[in-house]
Amino acid sequence: MPIKQRQSTESRQAEIIATMVRLSAERSPADITTTDIAKAMRVTQGALFRHFATKEAIRLAVIEWIEEHLMCELLAAKDSAPNALTALKAMFMAHVGFAKAHPGAPRLIFGELQQPAESPVKQRVQQIMQRYRLTLAQTLAAAIEAKLVRADVDCPSAAALFLGAIQGLVIQSMLSGSTEQMEQQAVGILDLYLAALGVKS
């Protein structure tokens, strides 16, 4: 097996992260070893540990990558929308698009949240989810203020339902083994969600 030439730490770390995300789309993230990552990259385990001190450091870097890219897409969708209701729609579809493009990412998030023990990685995932829910709650509050949704909408509950709907789509795609229908299915689910907020079709 040919061994790749040395790369800069930054580019090699990015490749390690991308490999972990890709492998997580194919199997349980908990089962992926540093040997698996090194083999997929055609490097030695020693090469991995020159760029990340431990496997947990790799996992944490992957979660940080997911946060950076997912939140960037969500906030871009939100900021480009003309109003809070359109922002909710855009954020929903942006998240679904991200999950379709990177199917390993939601598996990694779910996997960390399912771990019984607390860890820096699990705590980071919880912080990301808290940040996401806060962004949603703020957007929902703006939609209420603008009278775009029902005045009695409970923002934290509506934010939880928003995330739950996307998680349901992701789980369905895992069961089917394909993400091809996610965006099409998302449109119908989003319509149901908006109807629950009092939005007329």
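Since every read-out is calculated from the coordinates, none of them should be taken as a lab result. Here the structure is a predicted model, which is why all the values come from computation and not from measurement. Cβ coordinates were reconstructed from backbone atoms using ideal geometry, including for glycine residues, and neighbour counts include every protein chain displayed.
Summary of computed values
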item	result
Viscosity 1.306 mPa s, 10 °C: Kirkwood-radius Stokes-Einstein D of the stretch 86-201 over Cα pairs, µm²/s	105 µm²/s
Taking N as its residue count, the alpha carbon Rg of the stretch 85-129 over 2.2 N^0.38 Å	1.37
Normalised alpha carbon radius of gyration of the stretch 31-134 [divisor 2.2 N^0.38 Å]	1.25
Residue-averaged 222 nm ellipticity for the chain, from DSSP H runs of 4+ at -39500 (n - 2.57), nearest 500	-24000 deg cm²/dmol
Net charge, Cys72 excluded, C-beta distance under 14 Å - Lys, Arg +1, Asp, Glu -1	-3
Projected label distance in nm at Gln45 and Ala160, using a 7 Å step from Cα toward the beta-carbon	4.2 nm
Length added when fully stretched, Gln138-Glu183, from 0.36 nm per residue minus Cα-Cα	13.7 nm
Extension reserve of the Leu113-Ala101 stretch, reckoned as 0.36 nm per residue once the Cα distance is removed	2.2 nm
Distance violations [Cα-Cα > 28 Å] among Lys122/Lys200; Lys122/Lys147; Lys39/Lys122; Lys55/Lys78; Lys39/Lys78; Lys78/Lys100	Lys122/Lys200; Lys122/Lys147; Lys55/Lys78; Lys39/Lys78
Alpha-carbon Debye profile of the chain, log10 I(q)/I(0) at 0.10 Å⁻¹	-0.48
Least to most buried among His95, His69, His102 (fewest other Cβ within 10 Å first)	His69, His102, His95
Nearest-0.05 FRET efficiency for Thr35 and His69, computed from C-beta distance (R0 22 Å)	0.25
Residue order, fewest to most surrounding Cβ atoms within 10 angstrom, among Cys155, Cys72	Cys72, Cys155
Length released on extending from Gln167 to Ala146, taking residue separation times 0.36 nm less the Cα-Cα span	4.8 nm
Total formal charge among the other residues, if their Cβ is under 9 angstrom from that of Glu112, Lys/Arg +1 and Asp/Glu -1	+3
Distance-filtered residues of the stretch 148-167 - backbone nitrogen under 13 Å, label point 7 angstrom along Leu192 Cα→Cβ	162, 164-167
